[in-house]
Amino acid sequence: SQKIEQNSEALNIQEGKTATLTCNYTNYSPAYLQWYRQDPGRGPVFLLLIRENEKEKRKERLKVTFDTTLKQSLFHITASQPADSATYLCALPNFGNEKLTFGTGTRLTIIP
Amino acid sequence: GAVVSQHPSRVICKSGTSVKIECRSLDFQATTMFWYRQFPKQSLMLMATSNEGSKATYEQGVEKDKFLINHASLTLSTLTVTSAHPEDSSFYICSARDLEDIYGYTFGSGTRLTVV
């Protein structure tokens, strides 16, 4: 089965800087990869989806890259704000079915 | 956008009792709903996949007789934790997949279950 690792359990970034989070997977390359935000005591909220044939996807201050050779996705938040503080999860679909497997998550804290 | 309503948000129950959690897709139809469990500082772990009108598919290690799932309509799935024990205390989250958007997974706000 797919093993998904997000390299930092916790990450502290100064306000205004760019936060970069990493998601690595070990087995097959999925057709797409998703990033979610989760606040304490809440369910995940979908942020971005990137397909295997896309190198980069942007949405406002968010940018996601997908490198199927490295088996890695990077998630960037530019001009970070304290309100961006949350746990960020990457998720991949299982091969051949519609189940999602989640990464371990990175707890991001933006320091004012 | 798609909205999934999950109730209750918090529940405390006595050991040995059963608890039902509801998950509704409010503005879309979902043939498939997923139930996850999340322990503190851990990621979401899939418990089961429920399809409307058929039996749920459980992940390895999840007791189907303990976690009863019913998906009676295209907008409602329920998870019943039967004979709950303190080790069942966790954060339970449902997700629904939109029929018309194969990439769309919308999550409920979660249910914090505490068994005392």
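The figures follow:
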{"read-out": "Rg/Rh (Cα only; Kirkwood hydrodynamic radius) as it applies to the protein assembly as shown", "value": "0.97"}
{"read-out": "Cβ charges +1 (Lys, Arg) and -1 (Asp, Glu), total dipole of the protein assembly as shown, debye", "value": "320"}
{"read-out": "Neighbour cut-off at most 15 other Cβ (10 Å), DSSP loop, GluC sites (Glu not before Pro), region A:1-108", "value": "A:E9, A:E15, A:E52, A:E54, A:E60, A:E98"}
{"read-out": "Inter-probe distance in nm under a simple model that places probes 7 Å from Cα toward Cβ, at A:D39 and A:L74", "value": "2.9"}
{"read-out": "Paired Rg and Dmax values of region B:31-93, which use every Cα atom, in angstrom", "value": "11.6, 34"}
{"read-out": "Coil-residue GluC sites (Glu not before Pro) of region B:1-96, DSSP, other Cβ within 10 Å capped at 10", "value": "B:E63"}
{"read-out": "Order of B:V116, A:V64 under a 10 Å beta carbon neighbour criterion, fewest first", "value": "B:V116, A:V64"}
{"read-out": "Fewest-first sequence of A:R58, B:R97 by Cβ atoms within 10 Å of each Cβ", "value": "A:R58, B:R97"}
{"read-out": "Counting all C-alpha pairs of region B:8-116, share separated by more than 17 Å (%)", "value": "50"}
{"read-out": "Centre separation in Å (Cα based) which lies between region B:15-66 and region B:82-101", "value": "4"}
{"read-out": "Two-decimal log10 I(q)/I(0) for chain A, as the Debye equation yields it once each C-alpha is a single scatterer, q = 0.18, 0.23 Å⁻¹", "value": "-0.84, -1.33"}
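Read-outs: derived from the displayed coordinates by stated rules, not from any lab. What you see is a predicted model, and the numbers here were worked out from it, not measured in a lab. Every residue, glycine as well, gets a Cβ built from its backbone with ideal geometry; the counts of neighbours run over all protein chains shown.
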